[in-house]
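Every read-out reported here was derived from the displayed coordinates using simple, explicitly stated rules and does not represent laboratory data. Worth saying up front: this structure is predicted, and the values here are computed from it rather than measured. All Cβ positions, glycine included, derive from the backbone under ideal geometry; neighbour counts span all protein chains shown.
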Amino acid sequence: MKQITRSCLGAIGAALIVSTVAAIPVVAQAKGAGASVATAAADLKWNDVADFPGLKMAVVSGDPAKGAAHFFMKFMPGFAAPLHHHSADHYVTVTAGTLVLNIDGKDVKLPAGSYFSFSGKKHHMTRCDAGAECVLFIDARGKWDVVPEGAPKTGAKKTEVKK
């Protein structure tokens, strides 16, 4: 039994060493290569979002109107968006305020430092708690839009969020 355990541990250890050694050239090759972006909070360029009073956006990479992008969104305290979804999968960090998501009829309060993601056009409602504006950092994997739910088919309007 001990020999099997030692053999297994030895094999796992060898695999870890091989994978670690194999990764070293990649890290070494990356040194000094590539690009960087650094933007201070004071330098973000906030723009009103058309058709969404109380909503602002600051794009830091990509173009949300065309495809994948990284951007901040700012909601004024009390801002609320009714049931909707987004076509793009997205990954979000709450950087300020307390965001309240209603997912499957249940409110989830997310204070600054919280994370959430939506994929597959997951329906939800969004609200910024009173008291402080909510700021989110969004990693959208495709063109950003807001698609309302529950509206009559003739009145349903897919809105692309333009910067």
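From the phi angles alone, apply the Karplus equation (6.51, -1.76, 1.60; θ = phi - 60°) to the range 135-150 and give each ³J(HN,Hα) in whole Hz, x where the residue is Gly or Pro.
Per-residue couplings from phi come out as 10, 10, 10, 10, 9, 9, 8, x, 4, 8, 8, 10, 10, x, 10, x Hz.
Would the range 41-160 count as rounded, prolate or oblate if I go by the C-alpha gyration tensor, calling it rounded below 1.5 in a/c and otherwise prolate when a/b exceeds b/c, oblate otherwise?
In terms of gyration-tensor shape, rounded.
For residue 125 and residue 89, what does the FRET efficiency come to when R0 = 22 Å and r is the distance between their Cβ atoms, rounded to the nearest 0.05?
In this case the efficiency is close to 0.75.
Order the peptides 127-134, 49-56 from the highest to the lowest mean number of other Cβ atoms within 10 Å of their residues.
127-134, 49-56
Taking 0.36 nm per residue of separation and subtracting the Cα-Cα distance, what length does fully extending residue 70 through residue 37 add?
Separation in residues times 0.36 nm, less the Cα-Cα distance, equals 10.7 nm.
Please sort 37-45, 105-113, 65-73 by packing, taking for each peptide the average over its residues of neighbouring beta carbons within 10 angstrom, highest first.
Ranked by mean Cβ neighbours within 10 Å, highest first: 65-73, 105-113, 37-45.
At a Förster distance of 35 Å, what's the computed FRET efficiency of residue 47 paired with residue 103, Cβ-Cβ distance as r, to 0.05?
The pair residue 47/residue 103 has a calculated efficiency of 0.80.
For residue 132 and residue 63 in the same chain, what is the full-extension length gain: residue separation times 0.36 nm, less their Cα-Cα distance, in nm?
22.1 nm
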